[in-house]
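The values are calculated or read from the model by the stated rules, or taken from the named source; none is laboratory data. Model, not experiment: these values are computed from the prediction. With ideal geometry, Cβ positions are generated from the backbone for all residues, glycine too; neighbour counts draw on all protein chains shown. Calculation scope for accessible area: heavy atoms of the full protein, side chains included, ligands and nucleic acids excluded. Shrake-Rupley method; radii C 1.70, N 1.55, O 1.52, S 1.80 Å.
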Number of protein chains: 2
Amino acid sequence: MALRYALLAALHESPATGYELTQRFRSRLANVWNASHQQVYRELGKLLEEGKLLAESVPQPDKPDKKRYHLTVAGQKDLKQWLDKPQPRPPAKDPFLVKLFAGNLADKAVLQGEAEKMREEWERQLAYYRSIEEEYFQQPDALPAHYRYQYLALRRGITQVIASLEWLDELENGL
Amino acid sequence: MALRYALLAALHESPATGYELTQRFRSRLANVWNASHQQVYRELGKLLEEGKLLAESVPQPDKPDKKRYHLTVAGQKDLKQWLDKPQPRPPAKDPFLVKLFAGNLADKAVLQGEAEKMREEWERQLAYYRSIEEEYFQQPDALPAHYRYQYLALRRGITQVIASLEWLDELENGL
DNA sequence: CCTTACATGTAACAAGTTACATGATTAG
DNA sequence: CTAATCATGTAACTTGTTACATGTAAGG
């Protein structure tokens, strides 16, 4: 049930097309929520049917129209209600840790290769998050409420990735 | 597709019943993988059909029999093959961060309440992981390979929770 | 020519959740 | 008597993945 609220929250920030929402999930929202374009289009269709969204057709020169979605009052109300209901913590699911658990069966070189890839991915992510931090959140204390919350979400991503990289050092020493 | 390998990995550690596997997912494997008992029983059924597992009926005095599952050779081979194939990183999905993203709409008291609950949960988890660490992993360097890998998985849980608690401090200051 | 980005979808299948169902034993 | 733990499942539904499908525009 949370995908729909992730979409409503993203559209509360600003109207967007399905394509743009999919991109946000892969970039700025990467540490918050994720969904493939197929899921996004399907869920947008449902939300539209239910009257939680409005679709505005945006004509483009030399290209087919694109559909920009906006929250309706009903959509905002729905989001607000969800926000006020406590949600359970998401369960951890990490295939790499599953592998470690059966680590004595695994090929050490394969694990080391995966560790190397993880490092690259996390370093790329950290650099990206840092660049957002520097560009938009120089004086976090002076931020209007709207951005302060987003900054806290970003800080979550940053602190998690830093801790992950530190653990990777431990891992590569122990592997 | 990963649930089946989580089960095979858990059964590679030691044979167990569906009930016990469900419990492991909630305790020692909480930072590794998670599944409800319904999922566990269904997947065990499939694995049994496919010949990846054998079920041994264990009679109990005054209680109905329970079924203890063992890896077969085919099951071990299957697990081994999966271990050697790199897996994609799991996508992040955190409803609480979704809430932060629309934080200016949310009720501050509700967010603070959730933050409080998270703290309790993480502190409980950390204490639990620490207790395992102290009981079984006193001299990590002297550990046989089998346990060394499990220790690295445990360290992942510990470092993540510590980072989470530090972020919580930031959050509660900023909320 | 080929690949990447833009832009939107459908269909089939796998994974995960929620509700329902049953029955024994143990601790308060 | 009641709740919790042990122990195992089925059925319906929702969510997420993979494969398929189509077409434009820009850059190398």
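Summary table
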| read-out | value |
| --- | --- |
| Max mean-square fluctuation residue, GNM over chain A, Cα-Cα springs under 10 Å, options A:LEU100, A:LEU21, A:LEU11 | A:LEU100 |
| From the C-alpha gyration tensor of the protein assembly as shown, square roots of 5λ in Å | 39, 25, 21 |
| Exposure ranking of A:LYS52, B:LYS67, B:LYS99 by accessible area [1.4 Å probe, largest first] | B:LYS67, A:LYS52, B:LYS99 |
| Accessible-area value, A:VAL161, 1.4 Å probe, nucleic acids and ligands omitted, Å² | 10 |
| Pairs of Cα atoms farther than 20 Å apart, the range A:1-84, % | 28 |
| Rounded, prolate or oblate (a/c below 1.5 giving rounded, otherwise prolate when a/b exceeds b/c) for the range A:77-136 by Cα gyration tensor | oblate |
| Over chain B: helical MRE at 222 nm, DSSP H runs n ≥ 4 each giving -39500 (n - 2.57), nearest 500 | -21000 deg cm²/dmol |
| C-alpha center-to-center spacing [the range B:116-175, the range A:60-122] in angstrom | 22 |
| Closest-to-axis residue of chain B (Cβ criterion, axis taking B to A), whole Å | B:ALA163, 2 |
| Two-site FRET efficiency, B:GLU166 against A:GLN139, from Cβ-Cβ distance with R₀ of 30 Å, rounded to 0.05 | 0.90 |
| Under 14 Å between alpha carbons - lysine pairs in chain B that sit 8 or more apart or on different chains | 4 |
| Per residue solvent-accessible surface (Å²) - chain B, probe of 1.4 Å | 51 |
| Accessible surface ranking that places the most exposed of A:HIS37, B:HIS12 first, with a 1.4 angstrom probe | A:HIS37, B:HIS12 |
| Heavy-atom accessible surface of the range B:49-118: percent carbon and sulfur, 1.4 Å | 53 |
| Residues whose placed amide H lies under 5 Å from that of A:LYS66, excluding near-sequence neighbours | A:VAL58, A:GLN60 |
| Sparse-neighbour loop sites [GluC sites (Glu not before Pro); the range A:33-82; at most 14 other C-beta within 10 Å; DSSP] | A:GLU50 |
| Span-like helix ranges in chain B, DSSP H, alpha carbon extent 27 angstrom or more, Kyte mean at least -1.0 | B:145-174 |
